[in-house]
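Worksheet: the structure to be examined is printed underneath.
Nothing in this text is a laboratory measurement; each read-out follows from the coordinates by a stated rule. All values reported here derive from a predicted model rather than from experimental measurement. Glycine also receives a Cβ, built like all others from the backbone with ideal geometry; neighbour counts cover every protein chain displayed.
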Amino acid sequence: MKLLVRNLARTMTEHEIRVLFSAHGDVAQCNLVLDQETGLSKGFAFVEMPNDDEATIAINTLNQSTVAKSKIRVKRAEA
């Protein structure tokens with residue numbers, strides 16, 4: 001299942017996001033979206049979790065949680 005993670009702290013790295021979601025299951029892919037001009041985080045990422053049950057647990061656990069002083073939003077990504 002592909003997840004959209006929004007409202008991330010601009011200082012978070014792709015590795016930190018992967019570690020955060022790995023606590024809830026296997027992470028196949030993690031893509032932090034960067035601004036092409038500055039190379040800085042745009043504050044959102046896509047996380048791919050192959051196991052739908054683990055992905056659902058990650059959504060339920062991490063949505064509206066505070067990570068690095070930001071209240072993140074996690075939901076299933078639109079196709």
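Descriptive notes on the structure:
- Under 5 Å from the amide H of VAL67 lie the amide H atoms of ILE72, each residue being 5 or more positions distant or on a separate chain, with H modelled from the backbone and absent for Pro and chain starts.
- Size of charge dipole - the chain - debye, nearest 20, with Cβ of Lys, Arg +1 and Asp, Glu -1, no other charges: 420
- For the chain, with +1 on Lys and Arg beta carbons and -1 on Asp and Glu, the positive-most of THR56, THR13, THR66 along the dipole: THR66
- Scattering from the chain was approximated by placing one identical point on each alpha carbon and applying the Debye formula without solvent; log10 I(q)/I(0) at 0.13, 0.24 1/Å stands at -0.33, -1.13.
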